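Colleague: One structure, pasted below without further comment.
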Amino acid sequence: MIETRALSKVYDTAPGSPPAVDAVSLKIPSGQFTAIMGASGSGKSTLLYLIAGLAEPTAGEVLIDGVSISSLGDTARARLRNTRIGFVFQRFNLLGFLSARDNIDAPRLLGWKQREPARSIDSLLAAVGLEKKRLKKVSELSSGEQQRVAIARALINGPEILLADEPTGNLDSRNAEAVLDLLLRLKLDLGLTIVMVTHNPEVALRADRIVQMKDGCVERELMTNEIELSPEWTRRLAGHIQG
Amino acid sequence: MFKLTLRQLLHHPVRMLLSMVMISVALLLGLVIKGLSNGVMQEKIHRTEGIGADLMIQPPHSSYILGLGENVMPVALAQKITEVNGVEAATPTATNVSFTNRLEAIFGIDLPSFKRVTGGFEYLQGGPFSGPYTALVDNVYTRTHHVHLGSTLNILDHHFTVSGVVEHGKGARVFVPLKTLQSLLAPGKCAVIFVKVAPGSSDSAVVERLHKFEGGALKNYQITQMSELSSLITTSSFLGLQQFLLVIVVFAGVINFLVIFLALYVQVLGQTRELGILRALGASRRYMLRLFLGEACLLCLFGGGLSLVLYFVTKAIVLSIYPALHFLLPTSAVLWVAVIALASAVLGGAYPAYRASASEPIAALAYE
């Protein structure tokens, strides 16, 4: 269970500066696939970074299974990021000096988890369809392939939570669809809690729940299986897609 | 971590090689100077020991480096010393340093007594002095100075003809008759008396007797047992050499510090995003610190290894040009290289490593 309590983040400390995230309180149950939507600057990526412990909140706290990560020291938070959370970035953020295989292995090189036999990397490579390109430098891979490497890297330590910041944002529709299918399969097969930031309503509709943000605040929330039951939401979402 | 450090280094091979070469050149400077000074010193000791004497008597406060002493002892003293119980033979030797072409010690010897003390020369060509202005040279001297039997040497503005070539290892490389050198420097005087102790007598007992000789006439003289010579001749025997070596060591350390600092600082600035990625993947500040310090240590380790390789290459080149020189690198110098390399790695890598560890993941990931 991920919980945020009155979570706020202000980047510019000058008086009167608007917060990037403003008193957001959310509860994300284990195993749920949540999409966070919103326009650029709505604070959705900052919220994700706060949940991952990559940024310090200005106020409020993030709890994972009841433990406040804000209370953890740098080392404990690094361990949490490494062992319990997988992170997929929009721009892949792969290490250019490593091969696809070594990029996937990188989180384990940080030493928090006992290294597993090499086949687990190979099975992950097979799962993302890159077993033949495992020794290639990541710069030699296509955008879709790079994102699949990033997803495999996020999964190498067997996390319970997968955070994805616009994972399909830099991909064409075919690759975006493949990545999305992969995330859904992971949720079903591994029971992962997935929190995905997206500005694309079609992508968001594949999640269990949509959290819409505006100006750093949660504007509205809905479960996607209720959308058809609510003509109002369908109309609003359609308007959003067109807008 | 080692794998990641190594990959990070290998990702910028030119930067890595340049850093390694710069580190190795700084260390090489110290190694060559230490190896050369030590080699020359050891060769001097070896050559002095090779004389075959058991004791060496010099005026007070004389240098153990033969050739640097003054010719102030009366030659007659050598004859008197032979009367001391336990002394088998003694030979007076005048010394001079020639500055022609290169620094070279010249011995003025009395061949019969020199033979009694040292066992005499092994002649490779020619034979003993054939006149007052004749000289003996050793086979190393013939090779390095391109002289041969019959060649003329200019010593103290006088011409000496080479009458014999001898096997090296008898103290000096050039020998002239004692009386001739005395006439040019200090008549009736010598700089050192070599003493052969009789079989069955102990060196220290003879030294004691020599100090008491003729009511303590020699008590202020410097009497050295040749077996102790190697421990007495150190870098401090050469005026300023120790200080010079220290300066070189400090310079090598400072250069290494700057090289490491620059290489890693540039890397921290250039790889801000990668640092953010590592932090996002779960690298703690401590890990980042270790990663960069590890990289600094690896660079210095490789640089130190390369400096040793370059030392042997330099040695081979120098010896091919100056065969009379000697190199001897003590193990302690190699250990010093490792200490300097590691110390400069830690000091030079500390700030860049701190910068890397202090990077906030979110800020680093946003870095373009």
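Colleague: What is the number of the single condition among (1) part of a helix (DSSP H, G or I); (2) surrounded by 18 or more Cβ atoms within 10 Å (Cβ to Cβ) that B:VAL250 does not meet?
Modeller: Against the list (1) part of a helix (DSSP H, G or I); (2) surrounded by 18 or more Cβ atoms within 10 Å (Cβ to Cβ), B:VAL250 comes up short only on (2).
Colleague: Say we look at the stretch A:132-147 and pick out the residues that are in a helix (DSSP H, G or I) and more than 18 Å from the chain's Cα centre (by Cα); which of these is nearest to A:VAL88 (Cα to Cα)? Talk me through it step by step, then tell me what you get.
Modeller: So the first thing to find is which residues in the stretch A:132-147 are in a helix (DSSP H, G or I), and the list is A:132-133, A:138-140, A:143-147.
With more than 18 Å from the chain's Cα centre (by Cα) added as a condition, the list becomes A:132-133, A:138-140.
On the way: A:LYS132: 22, A:LYS133: 20, A:VAL138: 15, A:SER139: 17, A:GLU140: 19 Å.
The qualifying residue nearest to A:VAL88 (Cα to Cα) is A:VAL138.
Colleague: Checking the structure you have, find out if any residue of the stretch A:148-170 is more than 10 Å from every other protein chain (Cβ to nearest Cβ), more than 18 Å from the chain's Cα centre (by Cα), buried (at least 21 other Cβ atoms within 10 Å of the Cβ) and part of a helix (DSSP H, G or I).
Modeller: No, every residue in the stretch A:148-170 fails to be more than 10 Å from every other protein chain (Cβ to nearest Cβ), more than 18 Å from the chain's Cα centre (by Cα), buried (at least 21 other Cβ atoms within 10 Å of the Cβ) and part of a helix (DSSP H, G or I).
Colleague: Mind checking whether some residue in the stretch B:292-312 is more than 20 Å from B:LEU6 (Cβ to Cβ) and not in a helix (DSSP H, G or I)?
Modeller: So far as the stretch B:292-312 goes, no, none of its residues is more than 20 Å from B:LEU6 (Cβ to Cβ) and not in a helix (DSSP H, G or I).
Colleague: Something else: Given the residues A:GLU177, A:GLU232, A:GLU228, which is the only one that is assigned to a helix (DSSP H, G or I) and at pLDDT below 85?
Modeller: Going through A:GLU177, A:GLU232, A:GLU228 in turn, just one is assigned to a helix (DSSP H, G or I) and at pLDDT below 85: A:GLU232.
Colleague: Which of the residues belonging to the stretch A:191-206 are closer than 23 Å to A:TYR49 by Cβ and surrounded by fewer than 21 Cβ atoms within 10 Å (Cβ to Cβ)?
Modeller: A:HIS199, A:ASN200, A:PRO201, A:ARG206
Yes/no matrix, rows are residues, columns are (1) touching a Gly at 6+ places or on another chain (Cβ under 6 Å); (2) under 30 Å from A:LEU54 (Cβ atoms); (3) surrounded by fewer than 23 Cβ atoms within 10 Å (Cβ to Cβ); (4) within 14 Å of chain A (Cβ to nearest Cβ):
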residue	(1), (2), (3), (4)
B:LYS315	no, no, yes, no
B:ALA333	no, no, yes, no
B:VAL346	no, yes, yes, no
B:ALA366	no, yes, yes, yes
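Colleague: Considering only helices (runs of 4 or more DSSP H) fully contained in the stretch B:1-96, which possess at least 3 residues that are modelled with pLDDT under 85, away from chain A (no Cβ under 14 Å) and surrounded by fewer than 19 Cβ atoms within 10 Å (Cβ to Cβ)?
Modeller: Ranges flagged: B:13-49.
Colleague: Which members of the stretch B:268-288 meet the condition of being in a helix (DSSP H, G or I), facing chain A (nearest Cβ under 7 Å) and of a type outside the set (D, E, K, R)? Don't jump to the end; show me each part of the working.
Modeller: The initial filter retains those residues of the stretch B:268-288 that are in a helix (DSSP H, G or I), namely B:268-270, B:272-281, B:285-288.
Still in the running and facing chain A (nearest Cβ under 7 Å): B:274, B:277, B:280-281, B:285-287.
B:ILE277, B:ALA280, B:LEU281, B:TYR287, listed by residue number.
Colleague: Looking only at helices (runs of 4 or more DSSP H) that lie completely in the stretch A:30-131, which have at least 3 residues being at pLDDT 85 or above, within 9 Å of chain B (Cβ to nearest Cβ) and surrounded by 15 or more Cβ atoms within 10 Å (Cβ to Cβ)?
Modeller: A:44-52, A:74-83, A:100-109
The values are calculated or read from the model by the stated rules, or taken from the named source; none is laboratory data. What you are looking at is a predicted structure, and each value in this text was computed from that prediction instead of being measured. Glycine gets a Cβ as well: all are built from the backbone with ideal geometry, and neighbour counts include every protein chain shown.
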